[in-house]
Amino acid sequence: MKRQMIYLGVIIALVLCACEEDDKLMFDEESRALNLWFGTESLEGRVDSTEYNYAFRPLNTELDSVMFYVKLAGVPLKEDYTFELEVTGGDASTVIAGEHYVLPSYVLKAGTTGGSFPIYLKNTSDFKNKAFSLSLSLKENERFETGAKEYASLKLNIKDKEERPQYWDDDPETYMPLKNFFGTYSHKKYQFIIKVTGKVILRVIYQGTPTPPYEISYFEAQYLQAKCRLAVEEYNNNPENPDRPLSDEYGPITF
């Protein structure tokens, strides 16, 4: 009888464990959180804040963007589902939705666990020689909740100030100065580079893996140099450009 009671106790314990495991599985299927950061899916380069400088926006661009990454914690959705960001702090009275920035409704695709999404910034001169910031978080809904504390919010710093990239002329070992690829710095040339490449390039790493979003590899720098060289030739050969050859304070721009 005693042995039967022991067996019964073991069976009950196993059943309870199985029920608890089922509860966990059910909870995991229903619970989904979104983690946010600036950067890519890679662990390297993940940051919770970034800076946007209007002085570096591509020429004649009415709407630019800063990309953030979303990582799903939980079972992937079986259908597309939308999510939104909301402003939770910073200079919300100065940086105005619809006037300075646009937060669209985003879609996380069915079967996916993450993706890159834009925060749109509208062309404006309101930030000249000033600096502002916005803090953004997930607007929770019936499908998504806020993720881990370290990935729960984004801080976007905004300014409009011409600044020469720190590593244009010199850079330590394992890096190469930007001048090796793009020549003498000028603000107009740098804007042209951003327009042609679609990148704000602040550093070129010679050995190792670049840290996104502002660092590129030596081989990518060579490719973008050639791309800029071709773009300026096309610009200068286009009769619709009355200011050709494209020039800055040093004369015709070359790469």
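On a per residue basis, the convex hull of the C-alpha atoms belonging to the range 160-213 measures out at 90 Å³. When only the Cβ of Lys, Arg, Asp and Glu is charged (+1, +1, -1, -1), the dipole of the range 103-192 relative to its Cα centre reaches about 400 debye.
Both the radius of gyration and Dmax for the chain are 25.3, 102 Å, in that order, over alpha-carbon atoms. Based on Cα contacts under 8 Å between residues 6+ apart, the range 33-157 shows a relative contact order of 37 percent. Computed on the Cα trace of the range 67-211, the radius of gyration divided by the Kirkwood hydrodynamic radius gives Rg/Rh = 1.03. Calculated from the alpha-carbon coordinates, the range 67-128 shows an Rg and a Dmax of 14.6, 46 Å respectively. Legend: residue pairs 128/149; 139/195; 130/179; 122/188, Cα-Cα distance threshold 23 Å; pairs beyond threshold, 128/149; 139/195; 130/179. Going by alpha carbons, how many degrees (0 to 90, nearest 10) lie between the helix axis of 2-30 and the longest principal axis of the chain? Taking the Cα atoms of the chain, the angle to 2-30 is about 30 degrees. In units of the compact-protein estimate 2.2 N^0.38 Å, the range 139-255 shows a Cα radius of gyration of 1.37. Between 172, 127, 221, whose Cα lies farthest towards the positive end of the dipole of the chain when Lys and Arg beta carbons carry +1 and Asp and Glu beta carbons carry -1, centred on the Cα centre? Projecting each Cα onto the dipole axis, the largest value belongs to 172. Between the helical axis of 218-236 and the longest alpha-carbon principal axis of the chain there is an angle of about 50 degrees. Seen against the Cα atoms of the chain and their longest principal axis, helix 187-197 is set at about 50 degrees.
Values in this text are rule-based calculations from the coordinates and carry no lab data. These numbers were taken from a predicted model, which means no experiment stands behind them. In this analysis, Cβ positions are derived from the backbone assuming ideal geometry, glycine residues included, and neighbour counts consider all displayed protein chains.
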